[in-house]
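The numbers here are math on the coordinates, done by the rules we state, and not lab data. This one's a predicted model, so the numbers in the text were calculated from it and none came from an experiment. Note that we place each Cβ from the backbone using ideal geometry, even for glycine, and neighbour counts take in every protein chain shown.
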Amino acid sequence: MTRPPIVSPAEWQAARDALMAKEKAATRALDALAAERRRLPMTRVEKEYTFEGPGGPAQLQDLFEGRRQLVVYHFMWLDDGYCRGCATFTDNVGHLAHLNARDTTFALVSRGPFADLEAHRQRMGWTIPMYSSAGTTFHTDHTGGEGFGLSVFLHDGDDIFRTYYTTSRGVDRLRFDFNVLDLTPYGRQEAWEDSPVGWPQTEPYTWWRLNDEYAT
């Protein structure tokens with residue numbers, strides 16, 4: 001295995017300081033993107049959808065739970081059931097009280113049957129509200145047919161507006177585990193990463209398991 005150079009503490013600090021300058025530049029760039037995101041035009045949601053949730057049938061406005069902002073994770077439901085990638089994303093969602101304190105609700109929405117979704121939610125130990133959009137066009141309307149994604153909505157008076165959508169790496173960057181692994185020497189240990197020769201790596205996705213399937 002080829003390691004990076006082994007240096008003195010002073011040399012390490014100098015290299016760390018140089019990297020930190022780049023990290024701060026990236027942080028400022030992300031702040032600028034967030035400012036631009038807050039100024040994106042919005043589009044009114046004209047269509048009505050009926051979801052099935054823990055309290056029975058629900059409309060889109062019900063998913064807000066009385067708050068002004070709603071973040072929806074479009075949870076994939078495959079022909080053979082749950083999606084491991086969406087499950088690992090959901091495992092990384094923290095306590096929702098902090099979002100709720102800023103008038104924001106987070107919910108999972110999937111095309112899967114509600115009974116199956118609820119059984120999966122219970123098995124995984126999630127407390128996040130989960131709704132089925134089966135029988136509606138909600139998924140294709142808001143993901144363009146993509147498998148998973150994250151949509152943001154604003155509730156203002158009688159109107160609901162769609163304000164933002166992202167998928168793929170835009171969703172990945174929200175994950176606690178990926179962000180922590182990116183700080184470690186081995187990283188995510190996936191083959192696409194630019195790592196020193198000999199670093200442990202596997203093909204993407206192949207290591208993902210449901211949280212009760214990992215060997216202990």
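Here are the numbers for the structure shown:
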item: Trypsin sites (Lys or Arg not before Pro) restricted to the range 1-85 and DSSP loop, no more than 12 other C-beta within 10 Å; result: Arg38, Arg39, Lys47
item: Unit charges at the beta carbon, dipole of the chain: most positive-side option, Gly112, Gln122, Leu33; result: Leu33
item: Met20, Met76, Met42 arranged by Cβ crowding within 10 Å, fewest neighbours leading; result: Met20, Met42, Met76
item: The chain: calculated mean residue ellipticity at 222 nm from DSSP helix runs of at least 4, using -39500 (n - 2.57); result: -9500 deg cm²/dmol
item: Simple label model, 7 Å out from Cα along Cβ direction - Val71 to Thr43, nm; result: 2.2 nm
item: Rounded FRET efficiency, nearest 0.05, which uses the C-beta distance separating Ala215 from Ala97 and R0 of 30 Å; result: 0.40
item: Cα Rg, Dmax (largest Cα-Cα span) when computed across the range 138-216, Å; result: 17.4, 58
item: Cβ crowding within 10 Å averaged over residues, with 3-15, 137-149 ranked highest first; result: 137-149, 3-15
item: Listed residues Leu99, Tyr131, Gln61: farthest to the positive end of the dipole of the range 43-172 (Cβ charges); result: Leu99
item: The chain: mean projected area of Cα convex hull, nm²; result: 15.1 nm²
item: 0 to 90° range, to nearest 10: angle between helix 9-37 axis and the chain longest Cα axis; result: 20 degrees
item: Angle between the chain longest axis and helix 114-124 axis [Cα atoms, degrees, rounded to 10]; result: 30 degrees
item: Contour minus Cα-Cα distance for Ala25 and Thr206 (0.36 nm per residue); result: 61.8 nm
